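I have placed the structure first, in the form of C-alpha cells, so that the comments after it can refer back to it.
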Amino acid sequence: MSTNKVRTTLALALAGILVLVVATAGVVWLLARDAEPQDPELTAYAHGTTVTVPPFRYCTVKMQDCRQGETVFLEVPAGDPLQISLPDQIVGTPWELLPLYARPDGEVVERPSSYRDHPENARALTVPSRPEPGLELIGVELQVMIIAIDETGNQFPIPHAVWSIKTA
C-alpha cells in the first residue's frame with residue numbers, strides 16, 4: 001500500500017471519529033439543556049444504613065413554585081449518631097438544624113443549631129441520638145433560610161427549603 005493511501009485512510013478515519021465526537025457532544029448538550037433541574041438532596045446515615053432525603057418542602061428563593069415531599073424514615077438506635085451529608089447547593093448557605101428529642105414523659109425538646117455553630121462550609125453534620133440521659137432523638141429538620149419582608153417592612157428569616165427525617 002502506498003504512503004498516500006495510508007495517509008488518506010488515516011485522515012478519513014480521524015475525520016469520522018471527529019464527526020462522531022461532535023455528534024455525541026451535541027446530543028449530550030441537547031439532553032442537558034432540556035433536563036429539569038433537580039432539587040438538592042441530603043444523604044443521611046445511621047447504624048449501617050444510608051438513605052437519600054429529598055426535600056420535604058422546596059420553593060424558589062422568591063417563595064414561588066413550592067413543591068411538597070415526604071418525611072424520610074431512618075432508624076437511629078440509642079447511642080448511635082445520625083450523620084447528614086450536605087449537597088453543594090446547601091454548603092455555604094444560611095441553614096438551621098432542628099433536632100427533636102423526646103423525654104420519657106412525652107415532652108418534646110428541640111436542640112437547634114445553625115451554620116454559625118459549625119465550621120465554615122461544613123459538608124457533614126453529626127446529630128447525637130442521646131445527647132443526655134432521658135432524651136431520645138425522634139426527628140430532624142434541616143431548613144435553608146431566606147430573609148422575608150412583611151407589609152410593614154419588618155425583616156425575618158423563613159425557610160424556603162426543608163428536609164425532614166423521622167428517626168423514631
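None of the figures in this text is laboratory data; all of them are computed from the coordinates on show. Everything numeric in this text was worked out from a predicted model, so none of it was measured. No Cβ is skipped: glycine too gets one built from the backbone with ideal geometry, and neighbour counts run over all protein chains shown.
Quick check on the exposure proxy: order His47, His118, His160 from fewest to most C-beta atoms within 10 angstrom.
His47, His118, His160
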* Report P(r) for the chain: all Cα-Cα distances, bin width 10 Å, range 0 to the bin holding the largest distance, values in whole percent. => 9, 28, 24, 14, 9, 7, 6, 3, 1, 0
* On Cα atoms only, tilt of 3-34 relative to the major axis of the chain in degrees -> 30
* How large is the helix-only mean residue ellipticity at 222 nm for the chain, computed as the sum of -39500 (n - 2.57) over DSSP H runs with n ≥ 4, divided by its residue count, in deg cm²/dmol to the nearest 500? -> -7000 deg cm²/dmol
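Based on the Cβ-Cβ distance of Glu151 and Arg57, what FRET efficiency does E = 1/(1 + (r/R0)^6) give at R0 = 22 Å, to the nearest 0.05?
The calculated FRET efficiency here is 0.40.
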* Name the long-range amide H neighbours of Ala124: under 5 Å, sequence gap of 5 or more, or other chain; modelled H, no Pro or chain starts. => Leu86
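Can you tell me the length gained on complete extension of the stretch Asp105 to Gln89, counting 0.36 nm per residue apart and subtracting the Cα distance?
1.9 nm
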* **Phi to ³J(HN,Hα) by Karplus 6.51 cos²θ - 1.76 cosθ + 1.60 over the range 49-59, Hz, x for Gly, Pro** => 10, 10, 10, 8, 10, x, x, 6, 8, 9, 10
* For the chain, modelled as a Gaussian network with Cα springs under 10 Å, which listed residue fluctuates most, Phe73, Phe156, Phe56? -> Phe156
* **Under the Karplus curve 6.51 cos²θ - 1.76 cosθ + 1.60, θ = phi - 60°, whole-Hz ³J(HN,Hα) for the range 143-152, x wherever Gly or Pro sits** => 10, 9, 9, 10, 9, 10, 10, 7, 4, 8
* Structure fact -> Between Leu82 and residues 5 or more places away or on another chain, the pairs with built amide H atoms under 5 Å apart involve Val127, Ser129
* Label Asn121 and Lys5 with points 7 Å out from Cα along Cα→Cβ: what is the distance between them in nm? -> 6.0
